[in-house]
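Below is one structure, written out as structure tokens, with a few remarks after it.
The values are calculated or read from the model by the stated rules, or taken from the named source; none is laboratory data. On a predicted model such as this, the values are computed, not experimentally measured, just so you know. Counting neighbours? That spans all protein chains shown, and the Cβs are built from the backbone with ideal geometry, glycine included. Each accessible area value is taken on the protein alone, full model and side chains, heavy atoms only, with ligands, DNA and RNA left out. Shrake-Rupley method; radii C 1.70, N 1.55, O 1.52, S 1.80 Å.
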Amino acid sequence: MKRRIESTTSRTAEMTCLSRAISSLEASSYYKSDDHIAVLLLPNFFRLMIRIPLFRMLFSKKVAPKGMYEYVIARTKYIDSVFKQALAERFGQVAIFGAGFDTRALRFQHAASNTRIFELDVPATQNAKVGQYLKRGLDMPENLIFVPIDFDKESLSAKLEEAGFDRHKRSLF
């Protein structure tokens, strides 16, 4: 039997992207993220709706499971700080597993210009993300490498090696 994730985008990736987009519009520094690109990846309807404070409140307090919005924001802020630290320390590579609609390669592209970024995810989600990048006129950095993978069926090390990952370089996973 074919799993949903094999044919359509990950709901987790979609909800995470929506949460990050909403958080980019927050006034409070506790909730505000720097992910202004997440807004661009949303379907037009949601891009309009998140401009309405009532919609944002309903999503974060009623639609998302209790605490999930806060969890996504805290996780995003933490991973952003680790990512920026790795770039500052001149890590040669970053591998993002289950990248979904992650936007760090674009948001931090100037600091990451000397770091190869490998985004691993199922093809359906990656294709949707690339489609949105193209539709929105977002330039993908040359150091961004998409690695389609079925984590249940394919070898992580083999897929990374095929994509040009160098085991000997200092890397962030």
Heavy atoms of E26: accessible area, 1.4 Å probe, square angstrom to 10:
50
Accessible area per residue for the chain in Å², computed with a 1.4 Å probe and the full protein assembly in place, what is it?
57
Among 16-22, 57-63, the order from most to least packed when residues are scored by Cβ within 10 Å on average
16-22, 57-63
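First compute the accessible area of segment 113-173 with a 1.4 Å probe, then give the percent of it belonging to carbon and sulfur atoms.
49
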Across 10 Å bins from the origin, how do the percents of Cα pairs in the chain run, short distances first?
9, 36, 37, 16, 2
Strictly over 23 Å apart at the Cα level, which of K135/K159; K129/K159; K84/K169; K77/K129; K32/K61; K32/K62 would you flag in this model?
K135/K159
If only Cα atoms are counted, what is the Rg of segment 103-173, and what is its Dmax, in Å?
12.8, 36
Return the Rg/Rh ratio of segment 4-78 with Cα-based radii and a Kirkwood Rh.
0.95
Taking R0 as 35 Å, what FRET efficiency do you get between S29 and V130 from their Cβ-Cβ distance, rounded to the nearest 0.05?
0.65
Along Cα→Cβ, 7 Å out, is where each label goes; now give me the distance between the ones at E70 and N44 in nm to one decimal.
3.7
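How would you order 32-39, 79-86 from highest to lowest mean count of nearby Cβ atoms within 10 Å?
Order by mean packing, descending: 32-39, 79-86.
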To the nearest 10 degrees, the tilt of helix 11-23 (Cα long axis) against the first principal axis of the alpha carbons of the chain is 60
So the angle from the long Cα axis of helix 123-135 to the longest Cα principal axis of the chain, reported in degrees to the nearest 10, equals 70
